[in-house]
Amino acid sequence: MIDDTNKIKHRAYPPGRIKIVQALRKLLEEKDFNSVTTSEIAKCAKVTEGLIYKYFNNKRDLLYETLAECFEEFINNTNLKVNNIKGATEKIKEIIYCYLNIYNTDKVMARMLLLEVRNSKDFYESNAYKMVQMHSRAVLNIIEEGIINKEFKKNIKPSIMRTSLFGAIEHACLPGIIFERDILVDEKAKDIYQIFLNGIKI
């Protein structure tokens with residue numbers, strides 16, 4: 001179950017660090033990560049290039065921390081919505097919508113999470129991945145809640161249900177993210193509801 005105890009407390013960062021993160025996000029609106037240089041980031045942030053290395057180990061560490069901040073905000077916003085919903089089925093519906101909506105409205109975060117970091121081994125040791133794991137576990141808890149309350153089938157492993165859910169969401173969104181097209185959130189959410197939930201509901 002997702003509840004208020006899972007709310008991530010936002011950390012207070014120095015102004016220079018905030019400017020650097022905001023600069024990377026701005027640059028990623030126009031360019032892919034590998035094309036962005038630290039000198040460009042510093043110029044955009046109006047800080048010295050050396051300040052980047054005061055707060056981050058390297059450019060990729062900056063990417064992971066930027067993603068971690070984005071995902072932190074997403075988790076907190078999603079938790080607020082899901083906490084007011086009763087029943088695992090309705091909670092899963094809301095989570096599907098939240099993911100589709102954030103991937104459509106925040107293409108920078110979507111590209112970071114789905115395209116830029118997955119093939120890097122060090123991502124799986126980053127704060128960003130810890131947050132992904134945290135929310136993934138929360139979704140698993142909801143699925144397990146649905147099995148206990150006899151909303152979902154008990155003969156399918158909860159982890160397989162979760163993997164299928166995230167896989168469906170990501171595959172529905174990837175073309176829009178790669179080719180910079182709008183994602184038809186309501187339409188795709190409805191399709192995923194029907195396929196996923198009808199497959200696991202009793």
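Hand me the tally of lysine pairs in the range 58-200: alpha carbons under 17 angstrom apart, and the pair either on different chains or 8 or more positions apart.
Close lysine pairs found across the range 58-200: 14.
For a quick protection proxy, order the peptides 65-78, 166-179 by their average other-Cβ count within 10 Å, most packed first.
Per-residue mean Cβ counts within 10 Å order the peptides as 65-78, 166-179.
Summing -39500 (n - 2.57) over the DSSP H runs of n ≥ 4 in the chain and dividing by its residue number, what mean residue ellipticity at 222 nm do you reach, to the nearest 500 deg cm²/dmol?
My calculation for the chain gives -20500 deg cm²/dmol from helical runs alone.
Give the distance, in whole Å, between the Cα centre of the range 157-179 and the Cα centre of the range 31-60.
31 Å
Arranged by the count of other C-beta atoms within 10 angstrom, fewest first, what order do Met112, Met131 take?
Lowest count first: Met131, Met112.
In debye to the nearest 20, how big a dipole does the chain give about its Cα centre with +1 on each Lys and Arg Cβ and -1 on each Asp and Glu Cβ?
It works out to roughly 340 debye.
Take the chain, compute every pairwise Cα distance, and split them into 10 Å bins from 0; I just need the percent in each bin.
Per 10 Å bin, starting at 0, the Cα pair percentages come out as 8, 32, 33, 18, 7, 1.
Tell me the trypsin sites (Lys or Arg not before Pro) within the range 54-143 that lie in a loop according to DSSP and have at most 12 other beta-carbon atoms within 10 Å.
Loop-located and lightly packed - Lys86, Arg118.
How many nm separate the modelled label positions at Glu187 and Ile85, each set 7 Å beyond the Cα in the direction of the Cβ?
2.2 nm
The numbers here are math on the coordinates, done by the rules we state, and not lab data. For clarity, every value in this text was computed on a predicted model and none was experimentally measured. Every residue, glycine as well, gets a Cβ built from its backbone with ideal geometry; the counts of neighbours run over all protein chains shown.
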